[in-house]
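A short reminder: the numbers here are calculations on the coordinates, not readings from a lab. These numbers were taken from a predicted model, which means no experiment stands behind them. Neighbour counts run over all protein chains shown; Cβ positions are idealised from the backbone, glycine included.
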Ligand code: FES
């Protein structure tokens, strides 16, 4: 079973609303890759792994949102996921969901807890 770890992603105030920031947990060959989304004052966190084909969602650093910033967008084939639930509502994997990551805000800092490898 994978070990888990908590890491600080950064200050909520540093991330645009809406906006995103990538994070990595673990530093081995297969670290756990994820991202947080800051939207309407809330923060959500997911694994950076599209449930369609199974690779990362973004091509640009911290670039996870659709053009109108209303959804999480996979850059490969255009799957769109709800920001607050991770549920795919458009594209090739409708009905499937991104893997959520435990996220907590303490003193304005975003902390995520997840496995240290994929
Ligand atoms: S890999 Fe994400 S939509 Fe195909």
Top-ranked residue of the range 66-80 - restricted to ones that are buried (at least 20 other Cβ atoms within 10 Å of the Cβ) and in contact (Cβ under 8 Å) with a residue 24 or more places away in the chain, ranked as nearest to the chain's Cα centre (by Cα): 72
Residue 36 being on the phi < 0 side of the Ramachandran plot and away from the ligand (no atom under 16 Å from the Cβ): yes
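Taking the options 110, 105, name whichever one is buried (at least 18 other Cβ atoms within 10 Å of the Cβ), touching a helix residue (DSSP H, G or I) at 6+ places or on another chain (Cβ under 8 Å) and in a strand (DSSP E or B). Write out each step before concluding.
Values: 105 fails: buried (at least 18 other Cβ atoms within 10 Å of the Cβ).
Answer to the check: 110.
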